[in-house]
Amino acid sequence: MTSVPNVELLGAPPQEESALLTPAAVQFVSELVTTFESRVDQIFLDRKLRKAKLDQSGSLPDFSSDTKHIRDDGDWQVSPVPRRLANRHVDLGDVSPANTQHFVAALNSSAQGIQVDLDDGHCPSWPNQLKGLHNVYKAIHGTLEGVPPIASAPVIMFRPRAWNMIEQNMLVNGRQIPGPLFDFGLFMFHNAKILLEQESGPFFYLPKLEGYKEARLWNQIFDWAEEKLGLPLGSVRAVVLIENILASFEMHEILYELRQHSAGLNCGVWDYSASFIINFGHRTDFILPDRSKYVNMERHFLKSYMDLTIKTCHSRGCHATGGMSAILLPTVDSTQRNAIIEKTCRSKKTEIEAGVDGFLVYDIGLIEPMHKLWQKHAPSDNQYSVKRSEVSVTAKDLLLVPSGGVTLEGLKHNIAVGVLFIEAWLRGKGHFPFKGAVEDSATAEISRSQVWQWIRHGAKLEDNGNTVTCTMVKELVKEFQKQHSSNLTSDEERRRLEKASKIFEIVVITREFPAFITTYLSSESAFLDSVKHLT
């Protein structure tokens, strides 16, 4: 119990991090939860109803006639962003603040912004949440060793957990609370005033919104927090990550709801692609082909989505940013390193030419090459002048499933990423390196979704015409487990890999497809048992 009425903390915080959970901070979070919890619950009811209507009717989403007046009204604009958000050519992505070494290195980098991440690239164990939030607190208050003053460091773009995540260690009025309200509340209470004084925030990335009503809720939360903390209206700024196909039909509306708090929209590839399977994966006409071979930003459905994001944002005077390059640069082989940098530059040059105003990279070594790329091809702060008036995107464009099949290599790759992501979570890590790239929950989502879908529909392998079955997948999981175990040095590691393999098998054959693997894992007893002792 705490000294705050109706609040229980179930996990004792480490002594250092306990400074976050002061009575005043806990009271602030409690009031935030009490005010908005019922509206968060309504989001999930709305999501279920929308999904049920689409499933029952067999219909597909389209641009709503109810909000056509917002899309057609050419007069409204998003409020201009603060000075430090004017140029964000290069953000670092997936920076879990619980990884102190990486967080400190990011704050010392030449990136314009850092996606300080409690979502895709972070494992939300209780120790991780408190350590991450405390590291952010120390960085902003100038007490994190080796970090420059916050006014001269890259801006912190704080990404709280998505709506689907629960904070299991704090109860308000006898209920576990929404994870993003816990993250947002503690971040704002401790840091917002200092960030505002230093012209450095508070700034956010908002993950996994599915429509404008969810943006409206965040806007109400921002208004409430600004009033409670005595901040000027519009102090909070947020980039919305368009990570769901349903949200792509409501981008104007999302910006309209957040127009005093918006810092634009962001588009990526893997969560967005996975949302096709989450929403329509049971339909035979929505079988997504091998992502390694056939799914990239040049395919029509993804190119249309990016073009529409750029056109929408620039028509409303705000940033449209591209996805994250998850490439990891080798540290020894300079020839290979230079080749990878050159290849990444070619890919990101395409996004610049399309009109984006920035994008993300994971590897700090890619920051300087990306800055040079921007300086050469689009040196101004933004590309708002690139209106993309030639772009005319229809529902058919956004929903066009790319052609292609399933390969054995792609199936094996998805199995490996899915199993290793679960294994990483079981040891309290939200991302991991694999075959020269960093993998996180976004790639885990598309990986496990594709395997589930290919089993469900009996997809045929291009290689030999064999049908993807549960038996085949289990054999491939066993084969991967055997190969990977040879690289492990302890029985504990092998047992964890075996546990992760079993969980993966359950996830890809379950009758009712879990909408989010992170939600499933965070309530899975194997995860809870594994992370409760982590420090």
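The values are calculated or read from the model by the stated rules, or taken from the named source; none is laboratory data. Treat the numbers as computed from the prediction; the structure is a model and nothing was measured. Reconstructed Cβ throughout: ideal geometry from the backbone, glycine too, with neighbour counts over all protein chains shown. Each accessible area value is taken on the protein alone, full model and side chains, heavy atoms only, with ligands, DNA and RNA left out. Shrake-Rupley method; radii C 1.70, N 1.55, O 1.52, S 1.80 Å.
Would segment 226-234 turn up any residue that is small (Gly, Ala, Ser) and open to solvent by 10 Å² or more (accessible area, probe 1.4 Å)? Please lay out each step first, then the result.
Restricting attention to segment 226-234, the residues satisfying the condition of being small (Gly, Ala, Ser) are 230, 234.
Then drop every residue that is not open to solvent by 10 Å² or more (accessible area, probe 1.4 Å), which leaves 230, 234.
Looking for residues that are small (Gly, Ala, Ser) and open to solvent by 10 Å² or more (accessible area, probe 1.4 Å), one finds at least one in segment 226-234, hence yes.
So which of 401, 386 ends up being more than 22 Å from residue 312 (Cα to Cα), out of contact with any strand residue (DSSP E or B) (no Cβ under 8 Å at 6 or more places or on another chain) and assigned to a loop (DSSP other than H, G, I, E, B)?
Only one candidate qualifies: 401.
Residue-by-condition table, conditions (1) open to solvent by 50 Å² or more (accessible area, probe 1.4 Å); (2) at pLDDT below 95; (3) more than 13 Å from residue 288 (Cα to Cα):
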site: 420; (1), (2), (3): no, no, yes
site: 424; (1), (2), (3): no, no, yes
site: 458; (1), (2), (3): no, no, no
site: 471; (1), (2), (3): yes, no, yes
site: 478; (1), (2), (3): yes, no, yes
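Could you tell me whether segment 27-39 includes any residue that is buried (at least 16 other Cβ atoms within 10 Å of the Cβ), over 23 Å from residue 261 (Cβ atoms) and without any contact (Cβ under 8 Å) to a residue 60 or more places away in the chain?
For segment 27-39, residues buried (at least 16 other Cβ atoms within 10 Å of the Cβ), over 23 Å from residue 261 (Cβ atoms) and without any contact (Cβ under 8 Å) to a residue 60 or more places away in the chain: present.
Within segment 277-309, how many residues turn out to be open to solvent by less than 20 Å² (accessible area, probe 1.4 Å), among the polar types (S, T, N, Q) and more than 19 Å from the chain's Cα centre (by Cα)? Let's see the steps before the verdict.
Looking only at segment 277-309, we keep the residues that are open to solvent by less than 20 Å² (accessible area, probe 1.4 Å), and these are 277, 279-281, 286, 288-291, 295, 301-302, 304-307, 309.
Subsequent filtering for residues that are among the polar types (S, T, N, Q) retains 279, 304, 309.
Checking which are more than 19 Å from the chain's Cα centre (by Cα) leaves us with 304.
Residues that pass the stated criteria total 1.
From the list 358, 323, which one is within 23 Å of residue 240 (Cα to Cα), open to solvent by less than 40 Å² (accessible area, probe 1.4 Å), in contact with a strand residue (DSSP E or B) (Cβ under 8 Å, 6 or more places away or on another chain) and modelled with pLDDT under 95?
From the options 358, 323, the qualifying one is 323.
Output the number of the condition that residue 125 fails; it satisfies all remaining conditions of (1) touching a Leu at 6+ places or on another chain (Cβ under 6 Å); (2) at pLDDT 95 or above.
For residue 125, the failing item is (2).
Of the conditions (1) aliphatic (A, V, I, L, M); (2) assigned to a strand (DSSP E or B); (3) at pLDDT below 95, residue 438 fails just one. Which one is it?
(3)
Please enumerate the residues belonging to segment 44-70 that are in a loop (DSSP other than H, G, I, E, B) and either over 25 Å from the mean Cα position of the chain (by Cα) or more than 23 Å from residue 252 (Cβ to Cβ) (or both).
Residues of segment 44-70 in a loop (DSSP other than H, G, I, E, B): 58-67.
Hits for segment 44-70 are 58, 59, 64, 65, 66, 67.
Scan segment 71-103 residue by residue and report those that are in contact with a helix residue (DSSP H, G or I) (Cβ under 8 Å, 6 or more places away or on another chain) and either at pLDDT below 95 or in a loop (DSSP other than H, G, I, E, B) (or both).
74, 76, 78, 89, 96, 97, 98
Based on what the data block shows, is residue 24 open to solvent by 50 Å² or more (accessible area, probe 1.4 Å), in a helix (DSSP H, G or I) and modelled with pLDDT under 95?
Judged against the criteria, residue 24 is not a match.
Can residue 210 be described as of a type outside the set (Gly, Ala, Ser), open to solvent by 30 Å² or more (accessible area, probe 1.4 Å) and at negative phi?
No.
Here's the yes/no breakdown for (1) open to solvent by 10 Å² or more (accessible area, probe 1.4 Å); (2) closer than 30 Å to residue 380 by Cβ:
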position: 90; (1), (2): no, yes
position: 117; (1), (2): no, yes
position: 124; (1), (2): yes, no
position: 129; (1), (2): no, no
position: 139; (1), (2): no, yes
position: 163; (1), (2): no, no
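Residues that are touching a Lys or Arg at 6+ places or on another chain (Cβ under 9 Å): list the helices (runs of 4 or more DSSP H) wholly contained in segment 230-348 that include at least 1 such residues.
251-257, 270-280, 300-315
Among the listed residues 234, 174, identify the single one that is more than 23 Å from the chain's Cα centre (by Cα) and within 24 Å of residue 358 (Cβ to Cβ). Spell out the reasoning first.
Working: 174 fails: within 24 Å of residue 358 (Cβ to Cβ).
Selected residue: 234, the only one of 234, 174 that is more than 23 Å from the chain's Cα centre (by Cα) and within 24 Å of residue 358 (Cβ to Cβ).
Here is a yes/no grid of residues against (1) under 26 Å from residue 244 (Cβ atoms); (2) under 25 Å from the mean Cα position of the chain (by Cα); (3) assigned to a helix (DSSP H, G or I); (4) of a type in the set (Gly, Ala, Ser):
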{"site": "412", "(1), (2), (3), (4)": "no, yes, yes, no"}
{"site": "419", "(1), (2), (3), (4)": "yes, yes, yes, no"}
{"site": "429", "(1), (2), (3), (4)": "yes, yes, no, no"}
{"site": "433", "(1), (2), (3), (4)": "no, yes, no, no"}
{"site": "475", "(1), (2), (3), (4)": "no, no, yes, no"}
{"site": "480", "(1), (2), (3), (4)": "no, no, yes, no"}
{"site": "489", "(1), (2), (3), (4)": "no, no, no, no"}
{"site": "500", "(1), (2), (3), (4)": "no, yes, yes, yes"}
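Among the residues in segment 353-374, are any outside any helix (DSSP H, G or I), of a type in the set (Gly, Ala, Ser) and under 24 Å from the mean Cα position of the chain (by Cα)?
Kept after step one, since they are outside any helix (DSSP H, G or I), are these residues of segment 353-374: 355-363.
Checking which are of a type in the set (Gly, Ala, Ser) leaves us with 355, 358.
Narrowing further to those that are under 24 Å from the mean Cα position of the chain (by Cα): 355, 358.
Yes, some residue in segment 353-374 is outside any helix (DSSP H, G or I), of a type in the set (Gly, Ala, Ser) and under 24 Å from the mean Cα position of the chain (by Cα).
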